[in-house]
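**Student:** Dropping a structure here in structure tokens format, bear with me for questions.
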Amino acid sequence: MTPGAPVQLVDRLFRTDEWRTVPNAITALRLLLLPVFVVLIVGEHYWSSMVVIAIVFLTDFVDGFVARRTHTTSELGAWLDPVADRLTVIVVVLAFWLGGLLSWPVFVLILLPDVVLSLVALIAFGGASFPVTWVGKVRTALIFVGLLMLLVGVAVVDQWRGADGGDGLEVLGQLLVVVSSFVLLLGLVGHYVAAVLYGRDLARRWRARGRAAA
């Protein structure tokens, strides 16, 4: 990490322009709800966790919409929004794994690109943000939808397993779990495509910095 990089990052995010905006507050709310979601999933409160994660997913789109409509974009918001996207995926996937809803290979496959690229960005660039691309947005949407379908399926199976007249609903829940696997697979492919694109962006920045220093 370059000397003074954390200080430079703080200056850029909090002293360049006004950072106390409604969109940034919405993003902060998203981050504050993530630990609540983890506790609910681990405690098998599936229906309550669905409400929390629905709010989290909704804020992912609301903060950008509000920023554009109210013209309250900021340096902090441009940096924090993609970081919050990645952190949301990491924490949600971690919660699913801790709650026994995802196997560890899937957990590792989703986690690995973000951890590696985040470390590279932090060490080499002092915290370069993830670029917002259509591939990344589609990838995030697929992973979120897949995880939400999995959560709904598990909740339905958990509630109606062995209940009188609940056979049809239990089958529906199992079907949702199966379909969620295919949606997550598509999201995982997009996840690695987005990671390659971001890796190329980091490499381009590194070469440009090398040419500027020469």
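**Student:** I'd like the accessible area for residue 31, computed on protein heavy atoms only with a 1.4 Å probe and all protein chains in place. Round to 10 Å², please.
**Tutor:** Estimated to the nearest 10 Å², residue 31 gives 50 Å².
**Student:** Moving on to the next point. Any idea of residue 209's accessible area? Nearest 10 Å², probe 1.4 Å.
**Tutor:** Roughly 90 Å² of residue 209 is accessible to a 1.4 Å probe.
**Student:** Turning to a different aspect of this structure: How much accessible surface area, in Å² rounded to 10, belongs to the heavy atoms of residue 161 with a 1.4 Å probe?
**Tutor:** The value for residue 161 is about 150 Å².
The values are calculated or read from the model by the stated rules, or taken from the named source; none is laboratory data. Owing to the predicted nature of the structure, the values given are computational and were not obtained by experimental measurement. In case anyone asks, the SASA skips ligands and DNA or RNA and just uses the protein heavy atoms, side chains included. Shrake-Rupley method; radii C 1.70, N 1.55, O 1.52, S 1.80 Å.
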